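Each remark here refers to the structure printed beneath this line.
The values are calculated or read from the model by the stated rules, or taken from the named source; none is laboratory data. All figures in this text were calculated on a predicted structure; none of them were measured in a lab. Methodologically, a virtual Cβ is constructed for each residue, glycine included, from the backbone with ideal geometry; neighbour enumeration extends over all protein chains shown.
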Amino acid sequence: MARSHSFSRTQSATHRRGSSLPLALDDEHRHWLEANKARLLAGGGVLAAVAAVVLLVVLFHRSQIAAGREDLRVGIAALQAGKLEEALSALERAKARFTTGDEARLTRFYLSEAYQRSGRGEEARQTLVTSPAAAEDAAYLAQSLFLAQGQAAERQQDLQAARKAYESASLLDGPFTAEALLSVARVCEATGDKTAALAAREKVLGSYPTTPFAEVIRQQLGK
C-alpha cells in the first residue's frame, strides 16, 4: 500500500505548501541587512533590497523547518528511551515551530504522550484537543486510536493485544505508520519473535529512511 502520509513525503509536501512558522528575522540576519542596506539600495534600488529581504526570509524559514524536524527527532528518541524531561523540552520546541500539517500532528501526538507519562493528564488532553487534525481525517484518528490501545495494552503487559493494535495501526495509510512498525518490532522482540521484529525494523528503514524512527532503529542496530 502506498504511504501517502509518510513523514518522508511530508517533508517535500511541506516545502511545497509551507508551514505556519514565524518569519521574523533573527538578530544575525537583521544586522546583516542593516549593514548592507546602503549597498543594496545603491546597487539595484528598492527591488534589490526587497529581493535580499525575501531571500533572508526564505533561508530563515527553511532553517526553522530543519530545526523543528531535529527537535521532533530528538523528542521521539528521548521518549522512546524514557527520558521524559528531555522529550518534553524538545517536543515543546517542535510544537512552537509546527502548527499545521503532519509534522504538527506527529509533534502533538508525542507531546501528549510525554505529558501523560509525566503525570500531566490535563495538558496531555489539551494537546490532543487542539490538534490541527481535521475531523474527516479518518486515517489519522484511527491510527491514533490503535496506537493508544497498543500503548495501554503494553503498559498492562498484554503484549499480544498490544501487537495486534500496533499491527492494525501499521496497515493504515496515515502519519504514524513508521511509529506503529517500530512499536510492532518492540513488542515482537519482547515476546521472542525476533524474525518479525527485524522485519518490522527493516520495513521502517526501507520505507521511511529519513524519519526519526529510522534514526532510532539505526542507533539500536548500531548502523
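Is it the case that A142 is modelled with pLDDT of 85 or more and either closer than 20 Å to A178 by Cβ or part of a helix (DSSP H, G or I) (or both)? The answer is no for A142. Within segment 148-166, the set of residues being surrounded by fewer than 22 Cβ atoms within 10 Å (Cβ to Cβ) and within 20 Å of the chain's Cα centre (by Cα) comprises A148, Q151. Would you confirm whether or not segment 68-83 contains a residue that is modelled with pLDDT of 85 or more and over 21 Å from A214 (Cβ atoms)? Among the residues of segment 68-83, not one is modelled with pLDDT of 85 or more and over 21 Å from A214 (Cβ atoms), which makes the answer no. What single numbered condition from (1) modelled with pLDDT under 90; (2) surrounded by 15 or more Cβ atoms within 10 Å (Cβ to Cβ); (3) within 22 Å of A124 (Cβ to Cβ) fails to hold for L182? Against the list (1) modelled with pLDDT under 90; (2) surrounded by 15 or more Cβ atoms within 10 Å (Cβ to Cβ); (3) within 22 Å of A124 (Cβ to Cβ), L182 comes up short only on (1).
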